[in-house]
Amino acid sequence: MTKRFLSIGECMVEMAPAADGNFRMGFAGDTLNTAWYARRELGKDWDVAYFTAVGDDAISARMVDFLDASAIATDLIRRIPDRTVGLYLIQLDNGERSFAYWRSESAARRLAGDADILKANLATADLIYFSGITVAILPPSERQTLFASVAEAQANGATIAFDPNLRPRLWEDADTMRKAVMDAAAVSDILLPSYEDEANAFGDRNTEDTARRYSGQGVPIVIVKNGACEMLALDRGNIQRFTPDPVASVVDTTAAGDSFNAAFLASYLRSGELSPALAAGAELAARVIGQRGALIDS
Ligand code: ADP
């Protein structure tokens, strides 16, 4: 029987500068990037679905068309009539990228607004993937709805994977961010944090600190990514370390962590082994950072 990899979060319209001075429109977002790469990494025995909320306008329809064309299942997506999708614009200034966002009223912020729909959707999944950004964009009371629904799916046998993807600017304040992320960890089986973000937010002194803090929440597997440096995997008390091969020319690190997560999870779901999964994650991330853009074809 086909299994379902379900990613939950916000996909946005991306306006990226093109060589001719115009902007090129695309679609991206951390959890969407992971779903997109998971679709390529997983076999036919897995269906990859995205759960979000969009509006019922033309740009929302185009976003759903893009997901359909990417072979990502869109049957769970909610339509919220008086809202539309979020947007961000990339500006280049002497090669430095900066981002401007229009997402504060996006439809995706209402994705957990109906607890019954949320629970029914999560019940269709074998693997549920979400991130700190998924949690940050929700109204505070609906964060609890999400955690309760995830916990219920976990109790019914789903595996839960969570990337804290800490973005302090999306949160009301740092304490709220730290508490929500630790609450999310408490309902997760696989944690995929990035060390630099964790050190900044929690004061961790090394990757092992990060892993032990999350395993203290009862998380069986914690993978602490660490850019080009050695990463650490903590699996029910056992530590493994893995250093990615150097990448000769880093062009654009967008979606490094998202693509790592997809290839790691796809490999781990196949084999149940951490070592090949770490290598698969690092190998895909290396290809992604060697090219411009979040979603690369080869
Ligand atoms: P995020 O993009 O979420 O902040 P990281 O920067 O930790 O995540 O990177 C995720 C993964 O991408 C790393 O575990 C590593 O495999 C790969 N990676 C990132 N930067 C480099 C780099 N400079 N050289 C080689 N691999 C890298």
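Structure above, values below:
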quantity: Members of the range 262-283 found to be under 15 Å from the mean Cα position of the chain (by Cα) and more than 25 Å from residue 15 (Cβ to Cβ), listed by number; calculated: 263, 264, 265, 266, 281
quantity: Qualifying residue in the range 141-163 (condition: modelled with pLDDT under 95 and away from the ligand (no atom under 16 Å from the Cβ)); calculated: yes
quantity: Conditions (1) surrounded by fewer than 17 Cβ atoms within 10 Å (Cβ to Cβ); (2) among the aliphatic types (A, V, I, L, M); (3) within 22 Å of residue 193 (Cα to Cα); number of the one not met by residue 28; calculated: (1)
quantity: Count of the range 238-257 residues which are of a type in the set (A, V, I, L, M, F, W, C), on the phi < 0 side of the Ramachandran plot and within 10 Å of the ligand (Cβ to nearest atom); calculated: 5
quantity: Single match in 255, 286, 248, 199 (criterion: under 21 Å from residue 130 (Cβ atoms) and among the hydrophobic types (A, V, I, L, M, F, W, C)); calculated: 255
quantity: Lone qualifier among 227, 218, 203, 272 - being within 14 Å of the ligand (Cβ to nearest atom) and either free of Cβ contacts under 8 Å to residues at least 12 places away in the same chain or on the phi > 0 side of the Ramachandran plot (or both); calculated: 227
quantity: Tally, over the range 164-196, of residues that are out of contact with any helix residue (DSSP H, G or I) (no Cβ under 9 Å at 6 or more places or on another chain) and in contact (Cβ under 8 Å) with a residue 24 or more places away in the chain; calculated: 1
quantity: Flag for residue 289 being at pLDDT below 95 and either under 24 Å from residue 4 (Cβ atoms) or within 9 Å of the ligand (Cβ to nearest atom) (or both); calculated: yes
quantity: Within the range 17-59, tally of residues that are farther than 29 Å from residue 81 by Cβ and either in contact with a Leu (Cβ under 8 Å, 6 or more places away or on another chain) or of a type in the set (S, T, N, Q) (or both); calculated: 7
quantity: Among (1) out of contact with any strand residue (DSSP E or B) (no Cβ under 8 Å at 6 or more places or on another chain); (2) within 29 Å of residue 14 (Cβ to Cβ) - the single one residue 225 does not satisfy; calculated: (1)
quantity: Filter result for residue 189 (away from the ligand (no atom under 14 Å from the Cβ) and acidic (Asp, Glu)); calculated: yes
quantity: Any hit, the range 24-31, residues being touching an Asp or Glu at 6+ places or on another chain (Cβ under 8 Å), without any contact (Cβ under 8 Å) to a residue 24 or more places away in the chain and of a type outside the set (D, E, K, R); calculated: yes
quantity: Filtered residue count, the range 151-164, keeping only those that are among the acidic types (Asp, Glu) and touching a strand residue (DSSP E or B) at 6+ places or on another chain (Cβ under 6 Å); calculated: 1
quantity: Of all residues making up the range 146-179, the number that are farther than 14 Å from residue 120 by Cα and among the polar types (S, T, N, Q); calculated: 3
quantity: Among the residues listed as 113, 132, the single one being under 21 Å from residue 183 (Cα atoms) and over 19 Å from the mean Cα position of the chain (by Cα); calculated: 113
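The values are calculated or read from the model by the stated rules, or taken from the named source; none is laboratory data. The structure displayed is predicted, hence computed values, not measured ones. Every residue, glycine among them, receives a Cβ derived from its backbone with ideal geometry; neighbour counts consider all protein chains shown.
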